[in-house]
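These notes are about the structure you will find just below.
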Amino acid sequence: MQKLLNSILRNGTLLLFILLFGLSLRFIAKNHNYQRSSLLAFNNAISAPFLEARYTFFSFFKRQVHNEQLVAENQYLLEQLITINNQEFLLDSIPFEVIPAQVIRNSIQLKHNHLTLNVGEKDGVKKEMGVITANGIVGVIENVSKKTSGVISLLNISLRINAKLKKSNHFGSLYWDSESPNSMVLSDVPLAAKVVVGDTIVTGGMSAIFPAEIPIGKVSATEVPLNDNYYNLRVSLFQDMTNLNQVYVVHFPSADEIKKLINDIENE
Amino acid sequence: MNRLPKLILWFLVLLFVQAFVFDPVLLGIPYAPFVYVLLLIFLPNDWAPWIVLLSGFFIGICVDFIFFSGGIHTAACVLIAYTRPLFIRAVFSDTMAPQDLKIEHEFFGSLFQYVILIVLVHHFFVFLFVVGTIDRLEWLLGAWFANSLLTILASAFVLILTRNSK
């Protein structure tokens, strides 16, 4: 016993190092969304005033770029509006509203990247709402505090999104493989789809998160894994995830009904 | 100035700069210097090793909170806090006891070598923990090199400023 105590005292620093290093590795291993969600909300709530101040300060210098982005977005939205107004029949359409928001924090270097928006409960933001820009989708709301909300970025290996080929309506599952912040992978697309490089990928609309037909990116490479009947498509994103400013949170007024319907179908 | 308040001031300034200036997304570049590493270098060498370890752990936790990086910086900081005496012996003298090193009295050249060594080792582990595997060795080496270069340049700038102001 005496020997053991002596040994512990002699190697105290090494034992403390093993303890602290082990604890840090445990933090890394536990780095999943579910465990992080409440911590992210707490982090956002504490740092929101600083992040807002930082956003205000830097946006003064970036106002020219922001203005250009907003002009481009307005133009795009106007075009969409005209297209929709000119359609005689608007099938498959579910009415949705958007909540404008600013990205006050964004990460791109990690495997589980997140964003923070300057809108929260008081603006009508709720969990599992989609976040988009005029160029494409950005992520999904993960947690909401009073004035801010945390978003799972597209650049997060935990996120999977239902997407399809615009030209043929073949569906697949879109995920990030952490290769590059500019590209993702669309898997499970049947070989019957006849995909070529340059095809556009849009949201599938099979959930109450994103409306259908929101642009995502273009196919930049195709691959068929050995002995498989499905494509793995490399998709170059339209939205530059490293340069996000103005985004829109998508709100389906009938989201709860849609979710209930989906649950009912899945339970049958 | 007394040593502890000076350290606390460094801690606040470097973490503020790390959070509100050197953010890759904010700067619009894929990498940004991790200037907070200077805190590990500035920790007094006559402190007991367990205090240095706990300080490294605390610094890492704060940085992980800022970047929401879930333990990556904490692990790298603890590793550096533990192995720091080895770097001191490697750069300054084989016979030098770590507690004899006074950062403010050393030649800039040796001090800079010490900073480079710590930055390189620290950043290698940060990016290794980010990737989680050595499969993506090319990305790991690229990110390690680019980020280390930026941190070394920023650290040199801070060191020159602080030494000139004395």
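Which of A:Met241, A:Met184 comes first, and how do the rest follow, when ranked by fewest Cβ neighbours within 10 Å?
Ranking A:Met241, A:Met184 by Cβ neighbours within 10 Å, fewest first, gives A:Met241, A:Met184.
Give me the one-decimal nm value for the distance between modelled label points at A:Leu261 and B:Ile8, 7 Å along each residue's Cα-to-Cβ direction.
Those two pseudo-labels are separated by 6.0 nm.
Once a ≥ b ≥ c are taken as the square roots of the eigenvalues of the Cα gyration tensor of the stretch A:94-169, is the result rounded (a/c under 1.5), prolate (a/b larger than b/c) or oblate (a/b not larger than b/c)?
Oblate.
Using a Gaussian network model of chain A whose springs link C-alpha atoms within less than 10 Å, name the residue from A:Asn118, A:Asn43, A:Asn245 with the highest mean-square fluctuation.
Judging by the Gaussian network model, the answer is A:Asn43.
Counting pairs of alpha carbon atoms under 8 Å apart in space and at least six apart in sequence, what relative contact order in percent does the stretch B:3-164 give?
Result for the stretch B:3-164 is 24 percent.
Return an integer: the convex hull volume of the alpha-carbon atoms of the protein assembly as shown, in Å³ per residue.
206 Å³
In the protein assembly as shown, if the dipole is taken from +1 on Lys/Arg beta carbons and -1 on Asp/Glu beta carbons about the Cα centre, which of A:Gln64, A:Pro211, A:Thr200 is farthest to the positive end?
A:Gln64
What percent of all Cα-Cα pairs in the stretch A:196-264 falls in each 5 Å bin, counting up from 0?
The distribution over the stretch A:196-264 is 3, 14, 15, 18, 16, 14, 13, 6, 1, given as percents.
Taking Rh as the Kirkwood radius, which is the inverse of the mean 1/r over Cα pairs, what is the Rg/Rh value for chain B?
Reported Rg/Rh (Cα atoms, Kirkwood Rh): 0.94.
Can you give the translational diffusion coefficient of the stretch A:38-268 in µm²/s, computed by Stokes-Einstein from the Kirkwood radius over Cα pairs at 10 °C and 1.306 mPa s? Numbers along the way, then the final one.
On the way: Rh = 18.6 Å.
Estimated via Stokes-Einstein, D reaches 85 µm²/s.
In whole percent, what relative contact order does chain A give with Cα contacts below 8 Å and a gap of six or more residues? Let's see the in-between values first.
Values: 484 pairs, mean separation 46.9, N = 268.
Averaging sequence separation for qualifying contacts and normalising by length gives 18 percent for chain A.
To the nearest 10 degrees, how steeply does helix B:3-20 sit against the main Cα axis of chain B, on a 0 to 90 scale?
Relative to chain B, helix B:3-20 is tipped by roughly 20 degrees.
Mind putting together the pair-distance distribution for the stretch B:1-41? All Cα pairs, 10 Å bins, whole percent per bin, short to long.
Pair shares across the bins are 30, 45, 20, 6.
With the dipole of the protein assembly as shown worked out from charges on the C-beta (+1 for Lys and Arg, -1 for Asp and Glu) around the Cα centre, which of A:Leu191, A:Asn267, A:Gln246 lies farthest toward the positive end?
Positive-end residue among those listed: A:Gln246.
Compute the long axis of helix B:108-131 from its Cα atoms, compare it with the longest principal axis of the Cα atoms of chain B, and write down the angle in degrees, 0 to 90, nearest 10.
Its long axis makes an angle of about 30 degrees.
Kindly express, to the nearest 10 degrees and within the range 0 to 90, the angle between helix A:255-267's C-alpha long axis and the longest C-alpha principal axis of chain A.
With both axes taken from Cα atoms, the answer is about 80 degrees.
Debye calculation, C-alpha points only, no solvent: report log10 I(q)/I(0) for the stretch B:10-95 at q = 0.14 Å⁻¹, in the same order as the q values.
So the normalised log intensities are -0.51.
Using +1 at the Cβ of each Lys and Arg and -1 at the Cβ of each Asp and Glu in the protein assembly as shown, identify which of B:Tyr114, A:Asn106, B:Phe68 lies farthest towards the dipole's positive end.
Toward the positive end, the furthest listed residue is B:Tyr114.
What full-extension length gain, to one decimal in nm, is calculated for A:Glu128 and A:Thr200 as 0.36 nm per residue of separation minus the Cα-Cα distance?
23.4 nm
Just add up the charged neighbours of A:Ser149: K/R +1, D/E -1, any other residue whose Cβ is under 12 Å from the Cβ of A:Ser149.
So the surrounding residues net to +2.
For A:Gln69, what charge total do you get from the other residues with a beta carbon under 12 Å from its beta carbon, if Lys and Arg give +1 and Asp and Glu give -1? Walk me through the intermediate numbers first.
Values: positive: A:Lys62, A:Arg63; negative: A:Glu68, A:Glu73, A:Asp240.
Summing Lys/Arg as +1 and Asp/Glu as -1 gives -1.
Given the -39500 (n - 2.57) contribution per DSSP H run of 4+ residues, what per-residue ellipticity at 222 nm results for chain A, rounded to the nearest 500 deg cm²/dmol? Please report the intermediate quantities before stating the final value.
Values: 5 runs with 93 residues, N = 268.
Helix contribution divided over all residues of chain A: -12000 deg cm²/dmol.
With n ≥ 4 as the cut-off for DSSP H runs, can you work out [θ] at 222 nm for chain B, using -39500 (n - 2.57) per run divided by the number of residues, rounded to the nearest 500?
Using -39500 (n - 2.57) per qualifying helix, the result is -24000 deg cm²/dmol.
Can you give the local net charge around A:Tyr231? Use residues other than it whose beta-carbon is closer than 12 angstrom to its beta-carbon, Lys and Arg +1, Asp and Glu -1.
Computed value for this residue: -2.
Determine the dipole magnitude for the protein assembly as shown: charges of +1 sit on the beta-carbon of Lys and Arg, -1 on that of Asp and Glu, nothing else is charged, the reference point is the Cα centre, and the result goes in debye to the nearest 20.
Values: 32 positive and 33 negative charges, 324 e Å.
Using Cβ point charges on Lys, Arg, Asp and Glu, the protein assembly as shown gives about 1560 debye.
Values in this text are rule-based calculations from the coordinates and carry no lab data. Being a predicted model, the structure only gives us computed values, none of them experimental. Glycine also receives a Cβ, built like all others from the backbone with ideal geometry; neighbour counts cover every protein chain displayed.
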